[in-house]
Structure formats: structure tokens, C-alpha cells
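Asker: Structure below; questions to follow.
The values are calculated or read from the model by the stated rules, or taken from the named source; none is laboratory data. Note that the structure is predicted; figures quoted are calculated from it, not measured. Neighbour counts are summed over all protein chains in view; Cβ atoms, including those assigned to glycine, are modelled from backbone coordinates with ideal geometry. SASA here: full protein model, heavy atoms, side chains in, ligands and nucleic acids out. Shrake-Rupley method; radii C 1.70, N 1.55, O 1.52, S 1.80 Å.
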Amino acid sequence: MKLLLSAVFSLSASAAFAQSPPPGVTVLSVTCGSSERMEEAAKAQLTKSSTPDIDLAAASKAIAAGRAQHAKALGGEPVDEAFKSASRFGALAKTTQDAEVADLFRRAARDQLYRNTFTAAMQKTSWAAGLSDASRAYAYQFLAGEGCNVDDDNRSWLRARVASRGWFKISTSGADADRAAFLLVQHADREPAFQGEMLALLESLVAAGETKPSNFALLSDRVFVAQKRPQRYGTQGRCLVTGWAPFDIEDSDGLDKRRLAVGLPPEAEYVALNSKRCVAS
């Protein structure tokens, strides 16, 4: 399985990013499978390099630096800016007294870890700073490839936990646990039926004050876009030459009013923020 990250990738819980790079631009990708297959895919990134030995040496150092950031983030230790969301959940996992919530936080840390790895690669920061395109693509295959099964594993785990204990409600598990559980659902894109089931659940929880309204809004857009329907909150979109732009929106005139009702900033601010993340890879 090959994931072309310039085609579609969820950089965060909020916005789905889609890009079609111009000819000649390096495409960051992950080939999942056996270690041999992933190594073969990584080596293929060097085939067009004019300095493959130098690129390989630089990439090897970057992989070590990236793995060090991974370990620190999962342990809740200080990390580079790109990995702070993963590290925050890693720290929460160490302090909670509820074993199941601690497991949830560890899973959320891993969820964010590989998205943070993508952010660093796209923005050429942290482990990716100063690398050639060939080195960056080679290193990224290894660093991101270690997370190939994270989303599927998290989805299976969360489905079982929700079936047995219900949602991680704000009143019983706290706002951080509610957020962590939402992230696992939001990134369960390979099973849209599960996302649809959780959307119906979140709708009832919003009314009871047991989940953040923005969780429902973000997942709603995710589900609607997957179903090829206009979204209601303008949170899903793609990177264009001019910046980030949302996919089709239902009743665009009432968009900011709906966003305000669920705690989201005005669409213009949201577009400006996400446009800064549309860094050509």
C-alpha cells in the first residue's frame, strides 16, 4: 500500500489537505508493508539524486534525530515545536489515574506523532531541517512508515471501548480525553461507516455538554466530504497555488454564523491559518 501524501493527508484534526504537485516536485510518500518493502521504497527515493551517497548519509542522521523526537514525544518530554501535540498527550498519559484513559492518551500521542512527522517534513523543520529533497523523502519513508498501522489499530480499539463503556465524556473523563477520542475517530478514514456512527453519537453528546461542539462540526464535515456532500462548517479543503481553499460548502452565506455556534473562528481566519501550512513538498 502506497500513500501519496501530496494527494490527500490529514495534517491535523481540522483540515484535510489535498495537493497536486507540479512536475518535478518531490512527492513525499509512504509505502507500507514488510520492512524489506519499505526499505526498497526508501532507496527508490535516491535513484534520481546526483549525490546519492551524501543524501543517504544525511538521511540516516535525520532518521536518528526523528526517532529521538518520537521517543521524547511519546514519553511526554520536551520536543521540537513540530512534535508538541504528540508530546502533550504523552505527558497526559503519564499523569492520569484511569488506566483506560491513559491508554487513550498514548494512542492519541501516536496519532499525532506521525502527523507531526509529516508537518516537520512539509515545513522542513526538526529532523527535516537542511535536508535535500532526496534525503528528506528517504528519511520520511522510514519515520512515517513506522506508523502505517496506527490509525487502523486505534479505530479498532476505540470501537471496542465505546461499545463497552460509551464515549469518554467530559464530565467523567475530562476535556482532554474527549479531544483524544475525537482525534481517533476523525482519523479513522478507512472506515467511514464507523465515523458515521460516531457522528450520530457526538450529536447527542453535544446537546448534553459531554463533547466539544467543534468535535461534532469537524467530524460532520469529514463525513459529508467523504460522502461527496457539501460540508456545513468549511473545515475540509485542499492546498492550491493561491493557498488553502475549502471544498463545497452548504449555505455559504450562513457559514460564519454556524462556525461561531460551535466555537470555530471565522472562515477567513481559518483559511489564512491553513494557507500557511500549504508548504510545497
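Asker: For the range 166-281, give me every one of the helices (runs of 4 or more DSSP H) that falls completely inside it and has 1 or more residues that are within 30 Å of Leu92 (Cα to Cα) and in contact with a helix residue (DSSP H, G or I) (Cβ under 6 Å, 6 or more places away or on another chain). Reasoning before the result, please.
Answerer: Details: elements: 170-173, 175-186, 192-207, 213-226, 255-261, 267-277.
Because the criterion is at least 1 residues that are within 30 Å of Leu92 (Cα to Cα) and in contact with a helix residue (DSSP H, G or I) (Cβ under 6 Å, 6 or more places away or on another chain), the helices (runs of 4 or more DSSP H) in the range 166-281 that meet it are 170-173, 175-186, 192-207, 213-226.
Asker: Kindly indicate the residue of the range 95-113 that is assigned to a loop (DSSP other than H, G, I, E, B) and of a type in the set (S, T, N, Q) and also most open to solvent (accessible area, probe 1.4 Å) among those meeting that condition.
Answerer: The first filter runs over the range 95-113 and keeps only residues assigned to a loop (DSSP other than H, G, I, E, B), leaving 96-98.
This time we only want the ones that are of a type in the set (S, T, N, Q), so: 96-97.
On the way: Thr96: 40, Gln97: 173 Å².
Step by step, filter the range 95-113, then rank; the result is Gln97.
Asker: Do any residues in the range 163-175 that are more than 15 Å from Val206 (Cβ to Cβ) have Cβ atoms under 7 Å from those of residues that are open to solvent by less than 50 Å² (accessible area, probe 1.4 Å), where the two are at least six apart or on different chains, and which pairs are they?
Answerer: Going by the 7 Å Cβ cut-off, the qualifying pairs are Ser173/Val101.
Asker: OK, next. Given the criterion farther than 21 Å from Gln45 by Cα and of a type in the set (D, E, K, R), identify the matching residue among Arg115, Arg106.
Answerer: Values: Arg115 fails: farther than 21 Å from Gln45 by Cα.
Result: Arg106 is the single residue among Arg115, Arg106 that is farther than 21 Å from Gln45 by Cα and of a type in the set (D, E, K, R).
The rows are residues; the columns are (1) in a helix (DSSP H, G or I); (2) under 26 Å from Arg190 (Cα atoms).
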{"residue": "Ala62", "(1), (2)": "yes, no"}
{"residue": "Phe83", "(1), (2)": "yes, yes"}
{"residue": "Leu92", "(1), (2)": "yes, no"}
{"residue": "Arg115", "(1), (2)": "yes, yes"}
{"residue": "Met122", "(1), (2)": "yes, yes"}
{"residue": "Tyr138", "(1), (2)": "yes, yes"}
{"residue": "Gly147", "(1), (2)": "no, yes"}
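Asker: Pull up the range 106-130, narrow it to residues that are of a type in the set (Lys, Arg) and within 13 Å of the chain's Cα centre (by Cα), then point me to the one that is nearest to Ala93 (Cα to Cα). Write out each step before concluding.
Answerer: Filtering the range 106-130 for residues of a type in the set (Lys, Arg) gives 106-107, 110, 115, 124.
After this cut, where a residue has to be within 13 Å of the chain's Cα centre (by Cα) as well, the list is 107, 110, 115.
On the way: Arg107: 9, Arg110: 11, Arg115: 19 Å.
Here the residue is Arg107.
Asker: Something else now. Looking at the structure I just gave you, is Phe118 farther than 23 Å from Trp167 by Cα, among the aromatic types (Phe, Trp, Tyr) and either in contact with a His (Cβ under 8 Å, 6 or more places away or on another chain) or open to solvent by less than 20 Å² (accessible area, probe 1.4 Å) (or both)? Lay out the reasoning, then the answer.
Answerer: Values: farther than 23 Å from Trp167 by Cα: yes; among the aromatic types (Phe, Trp, Tyr): yes; either in contact with a His (Cβ under 8 Å, 6 or more places away or on another chain) or open to solvent by less than 20 Å² (accessible area, probe 1.4 Å) (or both): yes.
Taking the combined requirement at face value, the residue satisfies it.
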